[in-house]
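Trainee: Structure in structure tokens, see below.
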Amino acid sequence: MMRRLIPAPSPAWLVLPALGFILLVFGVPLFHLLRMSFNTHPPDGIYELSWSLENYVKILTDPVNLHTIRDTVLLSLITAVVTVVVAFLFAHAVWKRKGRVHLVLLAIALCPMLVSEISVIIGWRMFFPSNGFLSYALVETGLVERKVNLLGTRFAAIVGLSYISVSYCFLTILSVMNAVDRDLITASGDLGASPWHTFFRVLVPLTMGGIIGAFTQAFVFSMGIYAAVNALGPDSLWSIGYEIQRQMLSKRDWPLASAFAVVLIVLISLTVIGLHALHSRRGQRHD
Amino acid sequence: MTERAMPGLWADRIFIALFAAYVLIPLGITALMAFSDDNIIRFPIRGWSLRWFEEFFSNRQWLTAALNSLKIAALTACLSILLAVPAAYGLSRSRKARNRLQVLLLLPLFVPAVVLGVSVAIGFGNVTLFGHALYGSSLLVACAHTLWALPLAITVLEPSFATLDRSLVEASGDLGASPLRSFLTVSLPLVSTGLVSATLFAFITSLNEFIMALFLTTRDSQTLPVLLWLSLRSSATPQLAVAAILLAASVFTAIGLAYGWYLLRRRRKRLSAPMI
Amino acid sequence: MTPRLQLTQLHKAYGSFTAVESTDLTVGEGEFLTLLGPSGCGKTTTLRLIGGMEKPSSGRIEIKGKRVDHLPSYKRDTATVFQSGALFPHLTVAENMAYGLKMRGVPSSEIPARIARMLDVVQMGRFAARYPSEMSGGQRQRVALARAMVVEPSILLFDEPMSALDLKLKLELRSEIRRLHRELGFTAVFVTHDQSEAMTLSDRVVIMNHGRIEQSGSPVETFERPASAFVYSFLGESCQLAIDTDAGRDGSLRLANAPGAGRHLLFLRPASLRRVSPGEAQNEADARVAEVEYLGGSYRLHADAPCGRLSLDLTAPPALTPGDAVTIGWDSADATWFAAP
């Protein structure tokens with residue numbers, strides 16, 4: 001009876017420490033970043049307080065910077081498409097199977113999530129160059145006559161990039177696939193649809209939510225990752241992330257680095273909001 | 001039955017083999033190269049030796065970096081769990097809080113490491129705590145890593161608390177335990193699997209991360225992945241492979257330990273079950 | 001005339017478990033056949049073998065005299081009404097129904113008319129533009145029925161289509177299916193574990209157990225002349241007495257015509273048992289009251305005779321308490337004998 005007299009604190013209050021932490025370490029610095037992007041960069045220092053749009057003008061008018069943004073978006077788009085297709089096909093393969101095979105394939109699919117981006121980079125850097133494993137294997141088996149070099153190509157950059165997000169895409173798609181009533185697949189065959197038809201007309205539409213979610217993930221990840229692009233792709237392939245590192249650490253131009261970071265966040269936010277809207281408009285139709 | 005109902009079994013098997021190769025190539029090749037006797041990275045490998053391992057363990061810079069990594073990862077795991085447990089419990093008990101706050105708590109996951117690194121560096125660059133500069137300290141890197149580890153830990157823990165049988169907690173209260181005591185003696189043991197996975201996630205996330213760390217560490221506090229990134233072009237010896245494979249090995253060891261704990265617990269539970 | 005469906009020595013095993021054991025079955029033109037049995041008896045597996053969702057281990061399946069057991073599901077002329085309905089959630093009712101027609105190459109000019117006609121038949125005409133999530137469970141099941149019927153398959157397969165519905169909807173849909181079968185005259189194989197469903201719907205009931213057919217016949221035939229102890233006890237309520245040569249030697253069991261030597265099982269329906277004074281009935285057993293239950297409107301008396309428990313229904317409250325002696329009687333015509341296993 002005594003206990004009832006003292007109202008228990010609402011459990012929602014327990015979220016406060018975490019929320020406070022995120023506000024302090026994420027919110028406040030983000031605000032500083034935004035403020036920094038309006039400062040100017042003196043030739044003999046790091047930054048000078050001011051309210052100027054100089055950095056944004058520089059980013060959005062300088063052809064070199066525009067090129068960087070275009071490259072980043074384009075590469076992220078291609079990577080996202082490739083990653084989603086691969087993740088979908090593998091999720092489908094895992095979904096179809098049961099028992100031990102299912103578990104082994106699941107473990108394989110989750111492996112990339114556990115490997116550091118730097119290990120991924122190092123691994124592929126031993127695979128692609130002319131004295132790397134691929135070239136050696138191709139020459140040994142007689143498939144090609146002379147050593148080949150794939151390091152420093154867009155292909156290598158995409159391979160590395162998609163390696164980093166493929167597990168997350170896989171998980172998103174598989175969880176949606178697991179929610180699909182398997183009777184629907186049986187019913188489709190029973191009504192006379194060929195396996196291909198069932199795949200494209202039933203399975204793909206029913207997992208569209210997962211596909212859009214996975215695409216968003218892959219795109220957002222790829223936009224922010226620059227180490228793999230820089231270390232595996234060609235020198236002519238620029239990314240916003242690398243530009244931020246260069247301005248921040250080499251050129252000591254904090255204001256410009258901050259402005260690039262703000263542009264990156266805006267691009268990512270627009271994509272997430274756009275794809276989310278697309279998904280919820282689709283969802284209203286039948287869910 | 002489903003196999004027959006779906007497209008081309010052979011195409012399917014070839015695809016699985018290709019995907020498995022794709023996943024295993026970076027780690028497999030690195031593992032091979034770590035045992036090379038050569039001075040440079042190249043195939044075919046002409047001789048095998050442990051010389052690059054010896055080199056690694058006698059090199060102060062690499063060892064310091066490895067220790068820094070472990071220290072920061074442990075700190076991140078502690079920080080994330082301390083914040084995630086009350087948060088996940090709170091979210092699981094209040095639907096209103098969950099709907100409104102979950103997005104906010106998950107937001108940092110969608111922000112690239114480079115942006116987080118730069119903003120924390122700018123925001124805390126000049127801050128001192130008890131006379132020590134925060135910039136360059138392990139604590140600041142761990143705080144930055146927690147921005148990713150905390151949302152992950154909450155995501156892992158929240159369902160464990162949500163599926164917890166409420167009547168058990170009520171029974172504990174009914175038997176006279178205070179809410180805090182009920183939480184510590186009933187709720188927490190019941191979600192221990194979630195707790196271990198969340199800690200593991202936080203630890204691994206921090207161990208593997210290197211972009212935030214790149215912006216927030218100095219020469220003395222740099223982590224293993226940061227040192228790897230900085231040596232990538234300057235010293236392309238099999239040393240890189242050794243460091244990379246040790247990094248991966250520590251991740252898989254952590255997972256192995258957690259899984260071992262899980263198996264042990266399950267066996268103990270099964271042994272004690274008939275006695276109840 | 002060739003039968004619509006013929007199964008010859010059909011066999012299906014999963015590892016060491018035999019789901020369907022060398023089964024022969026023939027279904028005639030326009031016949032409504034029910035596979036009835038407890039869960040795990042092989043009835044659903046048989047249905048899935050016919051539909052092509054499972055591959056037989058051995059044996060033949062012929063539809064209209066054409067061998068189909070090597071064909072995948074989508075190349076067989078069958079259509080299934082699933083337990084869950086299995087309506088595609090991303091398609092409207094009309095699109096769901098058009099699905100099978102398109103797959104079978106029906107010209108698209110004919111499709112709308114066929115859909116409209118079939119929706120009218122199941123009285124769902126107003127729902128053509130709805131999504132499955134916008135309908136009730138009973139309505140979804142009607143659409144599932146219409147989707148299977150609209151392709152006019154050689155055989156319509158039903159996989160316990162009513163087990164997810166509540167009792168009222170179940171009865172409604174049951175009489176609907178009966179009406180449709182009368183009007184459209186399709187050939188159907190219907191799987192259920194509900195005997196009243198089997199009795200009311202079918203031309204012929206096939207009772208399965210442990211992957212084998214126990215009996216096949218009209219509903220009346222199977223209920224009144226069960227071919228095995230399993231069929232007797234599976235269909236309706238039953239009492240069972242285990243009787244050997246020595247039974248009744250002490251006078252507690254008085255049988256008009258006792259079986260010969262060996263152990264036998266005597267089956268009786270509670271409805272054919274009555275409480276008698278000793279010497280009044282053709283067959284009698286002395287028993288002790290075990291329990292009296294009130295069933296709402298009537299009473300059920302459970303009494304233990306020396307070779308088994310007998311149960312019967314009484315309309316008036318019996319003034320009996322557990323342990324009292326009673327005599328229970330029955331007519332010889334109501335008794336069914338099987339050799340004990």
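Trainee: I need a count of the residues in region A:117-150 that are buried (at least 23 other Cβ atoms within 10 Å of the Cβ) and in a loop (DSSP other than H, G, I, E, B).
Mentor: Matching residues across region A:117-150 total 1.
Trainee: Also, I was wondering about something else. Among residues belonging to region B:46-99 that are open to solvent by less than 40 Å² (accessible area, probe 1.4 Å) and outside any helix (DSSP H, G or I), point out the one that is farthest from B:Ser192 (Cα to Cα).
Mentor: The qualifying residue farthest from B:Ser192 (Cα to Cα) is B:Gly47.
Trainee: Within region B:182-198, is even one residue closer than 22 Å to B:Val118 by Cα and either among the hydrophobic types (A, V, I, L, M, F, W, C) or touching a residue at least 12 places away in the same chain (Cβ under 8 Å) (or both)? Explain how you work it out, then say what you get.
Mentor: Residues of region B:182-198 that are closer than 22 Å to B:Val118 by Cα, as a first pass: none.
So far as region B:182-198 goes, no, none of its residues is closer than 22 Å to B:Val118 by Cα and either among the hydrophobic types (A, V, I, L, M, F, W, C) or touching a residue at least 12 places away in the same chain (Cβ under 8 Å) (or both).
Trainee: Continuing with this model, one more query. Here is a list: B:Leu216, B:Leu200. Which entry is surrounded by fewer than 23 Cβ atoms within 10 Å (Cβ to Cβ) and either aliphatic (A, V, I, L, M) or within 12 Å of another protein chain (Cβ to nearest Cβ) (or both)?
Mentor: Among B:Leu216, B:Leu200, only B:Leu200 is surrounded by fewer than 23 Cβ atoms within 10 Å (Cβ to Cβ) and either aliphatic (A, V, I, L, M) or within 12 Å of another protein chain (Cβ to nearest Cβ) (or both).
Per-residue answers, yes or no, for (1) hydroxyl-bearing (Ser, Thr, Tyr); (2) under 17 Å from the mean Cα position of the chain (by Cα):
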{"residue": "C:Leu5", "(1), (2)": "no, no"}
{"residue": "C:Thr23", "(1), (2)": "yes, no"}
{"residue": "C:Glu31", "(1), (2)": "no, yes"}
{"residue": "C:Leu36", "(1), (2)": "no, yes"}
{"residue": "C:Leu47", "(1), (2)": "no, yes"}
{"residue": "C:Gly52", "(1), (2)": "no, no"}
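Trainee: For region A:78-116, give me the residue count where each residue is over 30 Å from B:Ser235 (Cβ atoms), open to solvent by less than 20 Å² (accessible area, probe 1.4 Å) and of a type in the set (Val, Ile, Thr). Steps first, please.
Mentor: In the first step, residues of region A:78-116 are kept if they are over 30 Å from B:Ser235 (Cβ atoms); the result is A:78, A:80-110.
Within this subset, residues satisfying the condition of being open to solvent by less than 20 Å² (accessible area, probe 1.4 Å) are A:80, A:83-84, A:87-88, A:90-96, A:105, A:109.
From the residues that got through so far, the ones that are of a type in the set (Val, Ile, Thr) too are A:83-84, A:94.
Total meeting the criteria: 3.
Trainee: Ok, one more. Only residues that are touching a residue at least 12 places away in the same chain (Cβ under 8 Å) and among the β-branched types (Val, Ile, Thr): list them for region B:125-175, please.
Mentor: Within region B:125-175, B:Val141, B:Thr146, B:Ile154, B:Thr155, B:Val156, B:Val169 meet the criteria.
Trainee: In addition: Could you identify the single residue in C:Ser163, C:Ser109 that is over 21 Å from C:Glu31 (Cβ atoms), outside any helix (DSSP H, G or I), in contact with a Ser or Thr (Cβ under 8 Å, 6 or more places away or on another chain) and away from every other protein chain (no Cβ under 12 Å)?
Mentor: From the options C:Ser163, C:Ser109, the qualifying one is C:Ser163.
Trainee: When region C:199-227 is examined, which residues are found to be closer than 30 Å to C:Glu284 by Cβ, part of a loop (DSSP other than H, G, I, E, B), open to solvent by 20 Å² or more (accessible area, probe 1.4 Å) and not aliphatic (A, V, I, L, M)?
Mentor: C:Arg225 - this is the single residue of region C:199-227 that is closer than 30 Å to C:Glu284 by Cβ, part of a loop (DSSP other than H, G, I, E, B), open to solvent by 20 Å² or more (accessible area, probe 1.4 Å) and not aliphatic (A, V, I, L, M).
Trainee: For region C:99-111, state whether one or more residues are surrounded by 19 or more Cβ atoms within 10 Å (Cβ to Cβ) and within 30 Å of C:Gln9 (Cα to Cα).
Mentor: Within region C:99-111, none of the residues are surrounded by 19 or more Cβ atoms within 10 Å (Cβ to Cβ) and within 30 Å of C:Gln9 (Cα to Cα).
Trainee: Those residues that are within 20 Å of A:Ser76 (Cα to Cα) and more than 7 Å from chain B (Cβ to nearest Cβ), I need them from region A:122-159; list them, please.
Mentor: Once the filter is applied, which keeps residues that are within 20 Å of A:Ser76 (Cα to Cα) and more than 7 Å from chain B (Cβ to nearest Cβ), region A:122-159 yields A:Leu150, A:Leu151, A:Gly152, A:Thr153, A:Arg154, A:Phe155, A:Ala156, A:Ala157, A:Ile158, A:Val159.
Trainee: Of the numbered conditions (1) at the interface with another protein chain (Cβ under 8 Å from one of its Cβ atoms); (2) surrounded by fewer than 21 Cβ atoms within 10 Å (Cβ to Cβ), A:Pro43 fails exactly one; give the number of that condition.
Mentor: Against the list (1) at the interface with another protein chain (Cβ under 8 Å from one of its Cβ atoms); (2) surrounded by fewer than 21 Cβ atoms within 10 Å (Cβ to Cβ), A:Pro43 comes up short only on (1).
Trainee: For region C:228-264, name all the residues that are in a helix (DSSP H, G or I) and open to solvent by 40 Å² or more (accessible area, probe 1.4 Å).
Mentor: C:Phe230, C:Ser233, C:Phe234
Trainee: Grab the helices (runs of 4 or more DSSP H) fully contained in region A:170-287, keeping just those with 3 or more residues being open to solvent by 10 Å² or more (accessible area, probe 1.4 Å), away from chain B (no Cβ under 11 Å) and over 14 Å from A:Ser76 (Cβ atoms).
Mentor: Passing ranges, in order: A:208-224, A:254-286.
Trainee: Related question: Within region A:46-68, how many residues turn out to be within 14 Å of chain B (Cβ to nearest Cβ) and in contact (Cβ under 8 Å) with a residue 24 or more places away in the chain?
Mentor: Residues that pass the stated criteria total 4.
The values are calculated or read from the model by the stated rules, or taken from the named source; none is laboratory data. Values in this document were obtained by computation on a predicted structure and should not be read as measured data. Positions of Cβ are backbone-derived with ideal geometry, glycine not excepted, and every protein chain shown enters the neighbour counts. Areas reflect the complete protein model, heavy atoms only, side chains present, ligands, DNA and RNA absent. Shrake-Rupley method; radii C 1.70, N 1.55, O 1.52, S 1.80 Å.
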